[in-house]
Structure formats: structure tokens, C-alpha cells
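Colleague: If you scroll down you'll find the structure; I have some questions about it.
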Amino acid sequence: MSHVFHRNLRATLPKAVSASGIHIVDQHGKQYIDACGGAAVSCLGHNHPSVLAAMQEQMHKLDYAHTSFFTTDVAEELAELMVANGPQNMRKVYMVSSGSEAIEAALKMARQYFLERGEFKRTQFIARRQSYHGNTLGALAVGGNAWRREPFQPLLMDATHIAPCYAYRNQREDESAHGYGQRLVAELESEIVRLGPDTVIAVCMEPVVGATLGAVAAVEGYFQGVRRVCDKYGVLLIADEIMCGMGRTGTLYALEQEGVEADLITVAKGLGGGYQAIGAVLVSEKVANVFSSGSGQFMHGHTYIGHPVACAAALEVQKVLMREELVTHCAEMGPYLRDSLHQAFDANPFVGDIRGRGLFQAIELVQSREDKKPFDPRFKLNARIRDAAMDLGLMVYAMGGTIDGRLGDHILLAPPFTVSPAQVQEIVDKLQQAVQLATSSIP
Ligand code: PLP
């Protein structure tokens, strides 16, 4: 009997015993292609020798030093590299140990930014429905995933949610993509006005929605409109790039492709590539200056922030990305993955949409393409596809199927950036088989 409190106490999970490149091997020697990087984490694949060496070297030098007492070379170097490679307006990096912690830190930093400025009435956050910002209570409050929020609703702080930018389902036939985006921007503005512009702290959005919808990018002009509205009312923009950032969409930050700068950016998964638990908040000059000329102290902190071994891992992951030009490779392999998905699924009546950016691509399953009706969530199609894929030795990130039936079923692919064309083909072939197997049992 296992004494681990597993996510699913009834499931019998295989044991991962080793990993290398894009493969994980279980206790029976069965090999799985990690086509989703776990949860879009493993950007370099597994067992990269130079990352392991960097971690080992750091462990032998300095295992841990609390950040109330010390800074370290690795933390300083990582922050310097992230600022140098980041959007132009970014000046500082606040390090944490996970995505949810990055969001918590960003929310509190945004609140304190206004306290430092004497704007005490600002207490509200605006985010979007069908978004995911993490599972801690603050992150859950901001997130717009009804299914995850529901059991904890009475414990959550106030946050309001507007429509996601999800053209496949919500763009009207009588409007252009641009018009659709601007309609949503107008909704954001109305929401700020409704709440009272001097009460809103920040708007928090994923530039490409990951864990709830599967690789949904906004329509052109949307984020520019969001930025314009935030500026008009002095509201901060938090870009949650925890899943889509650090190169996955073909640029280091996904928001770069929208021609917009955020005030705070949260990152995690691809920052450490799974080698260590690390996340961070990139802090713009605008926000950092208010702190440095104000109290000089962020009222927040955790024991393991800036952990030297985590910083060493993240630093080397970022150096490998640069040395091996993997973000460019990601940008080049993305269209190849997308084309392969089209070849495999264009004729499949149950695949309603194929979308994404870079090596962040997803398919959405529907009962019929005409009315885009999702499957009954009780059928758990996405989980069936995931299980069929696991049987075939393929890991995919499956999501959807909420009680209200609105989310539908989505399968996300987020393979390591090192993936080869032949491996992309193998991933798509296996996914095609898994979808075939799972949909053949539709009642
Ligand atoms: N934000 C986004 C966009 C995410 O996709 C996730 C995780 O999937 C999180 C936040 C939470 O990150 P973590 O699971 O590391 O707490």
C-alpha cells in the first residue's frame, strides 16, 4: 500500500524510474514519450548533462543560504540574465519555488505598489473565465476555472472574471477577429468602470491560455487594447507566462508577439525545466522604482526563495537555451507540429480545432464540427485519450469536461524544445491512434 497522498487515491500509477531526452521509463522498462513536458515543464528534455553538472557543482559549493542574510552569485547571475533577455521594461526578478507562488507574489506586489503610492482603495483583481493561475488560495481566487474554484469558493478573496479571448467558440460570425478582440477590450473597460477605476489593482491574464483551454492565443490587437485600458485607469497588467513563457511559444516571452509590455510577468515551468522547483516574477522598472523610492521592502517572502541549487539549474537551463538556439528551434518546429496535427486530424469529425503557438499546440474535441457541441463531461473523453496514449507510451496533457459542460475536451502537446521532426511524427501518430481508440467507444 502506498503512503503517498496521491492526487487520485484510487489510481494505480506507473513508477517513473529514469528519464533521458524526451523519454521517461517506468519500473517495467516501458518507455513513454514526454510529449507534454509533464505540464509544459521539461523544455530541455530530461537528464541534460550540463544542467546536472551545474546543479552538482552548486551543491558542492553552497547548498543553501537564507535570503534574509545573503544573496548568492547564482541568484544574481540568473536575475541579470533574465533582465538582459527579458522585455525592455523589466528591471528586477523576484524568485520563488513554483508557479502558484509566483502568482501570489505578483498579486501582493501589485497591491503593495499601490499602498506605496498612497492608493489604499485599490483592492480588486480582474482576470478571465476559463483561466488557470495556480492552486493556492490567492491564485485560485484570481483563476477563472469554475471546477477548481467551486469547492473552495467560500475561502476565496474577491476577484472578478471577464470573458476569455477564445475565438473558436466566442467570435461571432458577424464580426472580424479584430472586432471580436476589441469587443472584449470594451468588456474589460466596462468592468473596471463598474468596479470603480480607483479600486482596481491589476488585470491578470495568460498571454496564451494553457491548463484550462489548451494553447489558446488571443486575436490580434486584443492585448494592445488591454494594455491601453490598463494605462487609461492606472491599473497594472500581470502577464501569467508560467506555462506559455520561457520560449515555449517561439519567443522567450509569449507577450512579445503581441507587441505589448506587462508590468509584472510570472514564470515558472520552463524557467527550471523541471530540474528544480523554481518560479519568478519579473518586475518592471515602473513597479521596482516605487518600491525602491518607497518603503524599500516587499512585505512577502518564503524560506526557499532564491535557492542556490534551483538558481543554478535555472541559470544553466537558460544558458543551454541560448547556446543551442532552442527558442529558434521551438519557433521552427511549432509549424511542423501544427502541420502534422492538421494532416492527422483534419479528416477527423471529432477534432473541432487545432491551435497554438510554437511547441505549445492543442486539439479540441467536439461531438460535431457544425455546432461545436462539447462531449458530455461525464464521458471524460480527454481522460480516455490520455489513458489510451499512456498505453501507447505517449504522455499528453488532457483537460476539460467540467460539470457545466462548457469547457469541452482539450489535449495539449508541449514537447521538449529539442524534439526532432521524426519524434514529432511519432507523437502525432500515437496521438492519432489514442484519439481513434478513445472515440471508438463513444456511446
Ligand atoms: N499559472 C499558469 C498559467 C499555469 O499553467 C500554472 C500551472 O499549470 C500555474 C500558474 C501554477 O503553477 P504551479 O503548478 O507551479 O503552482
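The values are calculated or read from the model by the stated rules, or taken from the named source; none is laboratory data. Remember, predicted model here, so these are calculated numbers, not experimental data. All Cβ positions, glycine included, derive from the backbone under ideal geometry; neighbour counts span all protein chains shown.
Colleague: Considering the stretch 227-243 alone, what residues qualify as being crowded, with 24+ Cβ neighbours inside 10 Å and within 16 Å of the ligand (Cβ to nearest atom)? Talk me through it step by step, then tell me what you get.
Modeller: At the first step, the residues of the stretch 227-243 found to be crowded, with 24+ Cβ neighbours inside 10 Å are 235-236, 238-243.
Correct list: ILE238, ALA239, ASP240, GLU241, ILE242, MET243.
Colleague: Among the residues of the stretch 294-323, count how many are in contact (Cβ under 8 Å) with a residue 24 or more places away in the chain and either small (Gly, Ala, Ser) or not in a helix (DSSP H, G or I) (or both).
Modeller: The total comes to 16.
Colleague: So, one more: Assess whether LYS30 counts as being basic (Lys, Arg) and surrounded by 14 or more Cβ atoms within 10 Å (Cβ to Cβ). Steps first, please.
Modeller: Details: basic (Lys, Arg): yes; surrounded by 14 or more Cβ atoms within 10 Å (Cβ to Cβ): no.
No.
Colleague: ARG122 fails exactly one of the following numbered conditions: (1) among the charged types (D, E, K, R); (2) in contact with a Gly (Cβ under 8 Å, 6 or more places away or on another chain); (3) buried (at least 20 other Cβ atoms within 10 Å of the Cβ). What is the number of that condition?
Modeller: ARG122 satisfies all of (1) among the charged types (D, E, K, R); (2) in contact with a Gly (Cβ under 8 Å, 6 or more places away or on another chain); (3) buried (at least 20 other Cβ atoms within 10 Å of the Cβ) except (2).
The rows are residues; the columns are (1) closer than 29 Å to LYS92 by Cβ; (2) of a type in the set (Phe, Trp, Tyr); (3) not in a helix (DSSP H, G or I).
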position: ASP174; (1), (2), (3): no, no, yes
position: GLU191; (1), (2), (3): no, no, no
position: ILE201; (1), (2), (3): yes, no, yes
position: PHE223; (1), (2), (3): yes, yes, no
position: MET246; (1), (2), (3): yes, no, yes
position: THR251; (1), (2), (3): yes, no, yes
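Colleague: Is it true that some residue in the stretch 85-108 is in a helix (DSSP H, G or I) and away from the ligand (no atom under 16 Å from the Cβ)? So that I can check it myself, show each step before the final result.
Modeller: Taking the stretch 85-108 first, the residues in a helix (DSSP H, G or I) are 85, 99-108.
Now drop any that are not away from the ligand (no atom under 16 Å from the Cβ), which leaves 85.
Yes, the stretch 85-108 contains a residue that is in a helix (DSSP H, G or I) and away from the ligand (no atom under 16 Å from the Cβ).
Colleague: Pull out all pairs, ordered by first then second residue, where Cβ-Cβ is under 6 Å, the residues are six or more apart or on different chains, the first lies in the stretch 131-143 and is more than 11 Å from GLU101 (Cα to Cα), and the second is among the β-branched types (Val, Ile, Thr) and in a loop (DSSP other than H, G, I, E, B).
Modeller: Within 6 Å, the pairs are TYR132/THR212.
Colleague: Considering (1) away from the ligand (no atom under 16 Å from the Cβ); (2) touching an Asp or Glu at 6+ places or on another chain (Cβ under 8 Å), say which one LEU184 fails and leave the rest.
Modeller: All conditions are met except number (2).
Condition check ((1) in contact with a helix residue (DSSP H, G or I) (Cβ under 9 Å, 6 or more places away or on another chain); (2) among the aliphatic types (A, V, I, L, M)) across all residues:
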position: GLU324; (1), (2): no, no
position: THR328; (1), (2): no, no
position: GLN361; (1), (2): yes, no
position: LEU365; (1), (2): yes, yes
position: ARG369; (1), (2): no, no
position: PHE375; (1), (2): yes, no
position: ALA414; (1), (2): yes, yes
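Colleague: Given the conditions (1) touching a residue at least 12 places away in the same chain (Cβ under 8 Å); (2) outside any strand (DSSP E or B), which single one is not true for ASP371?
Modeller: Every listed condition holds for ASP371 apart from (1).
Colleague: Let me ask something additional. Listed residues GLN56, GLN31; which is of a type in the set (S, T, N, Q) and either within 16 Å of the ligand (Cβ to nearest atom) or assigned by the TED database to the domain that holds LEU392 (or both)?
Modeller: On the way: GLN56 fails: either within 16 Å of the ligand (Cβ to nearest atom) or assigned by the TED database to the domain that holds LEU392 (or both).
On inspection, the qualifying residue turns out to be GLN31.
Colleague: Suppose we keep only residues that are away from the ligand (no atom under 13 Å from the Cβ) and touching a strand residue (DSSP E or B) at 6+ places or on another chain (Cβ under 8 Å) within the stretch 198-217. Which one would you say is nearest to PHE114 (Cα to Cα)? Walk me through it before giving the result.
Modeller: Step one: of the stretch 198-217, the residues away from the ligand (no atom under 13 Å from the Cβ) are 198-203, 217.
Still in the list and also touching a strand residue (DSSP E or B) at 6+ places or on another chain (Cβ under 8 Å): 199-203, 217.
Working: THR199: 10, VAL200: 10, ILE201: 7, ALA202: 10, VAL203: 14, ALA217: 30 Å.
Within the stretch 198-217, the match that is nearest to PHE114 (Cα to Cα) is ILE201.
Colleague: When only residues in the stretch 147-169 that are under 28 Å from GLY221 (Cβ atoms) and among the aliphatic types (A, V, I, L, M) count, which is farthest from the ligand (Cβ to nearest atom)? Can you show your working first?
Modeller: Within the stretch 147-169, the first condition is being under 28 Å from GLY221 (Cβ atoms), and the residues that meet it are 159-169.
Subsequent filtering for residues that are among the aliphatic types (A, V, I, L, M) retains 159, 162-163, 167.
Numbers: ALA159: 14, ILE162: 17, ALA163: 18, ALA167: 19 Å.
Per the criteria, the residue is ALA167.
Colleague: Using beta carbons and a limit of 8 Å, which pairs, at least six apart or on different chains, have the first residue in the stretch 1-17 and not assigned by the TED database to the domain that holds GLY37 and the second one at pLDDT below 90 and assigned to a loop (DSSP other than H, G, I, E, B)?
Modeller: Close Cβ pairs (under 8 Å, with a partner that is at pLDDT below 90 and assigned to a loop (DSSP other than H, G, I, E, B)) do not exist here.
Colleague: So how many residues does the stretch 109-145 have that are touching an Asp or Glu at 6+ places or on another chain (Cβ under 8 Å), more than 10 Å from the ligand (Cβ to nearest atom) and in a loop (DSSP other than H, G, I, E, B)?
Modeller: Total satisfying the criteria: 4.
Colleague: Restricting attention to the stretch 248-267, and to residues there that are among the small types (Gly, Ala, Ser) and crowded, with 24+ Cβ neighbours inside 10 Å, which single residue is farthest from the ligand (Cβ to nearest atom)? Steps first, please.
Modeller: Let us first name the residues in the stretch 248-267 that are among the small types (Gly, Ala, Ser), namely 250, 254, 259, 262.
Of the ones still in play, those that are also crowded, with 24+ Cβ neighbours inside 10 Å are 254, 262.
Numbers: ALA254: 10, ALA262: 13 Å.
Ranking the candidates gives ALA262 first.
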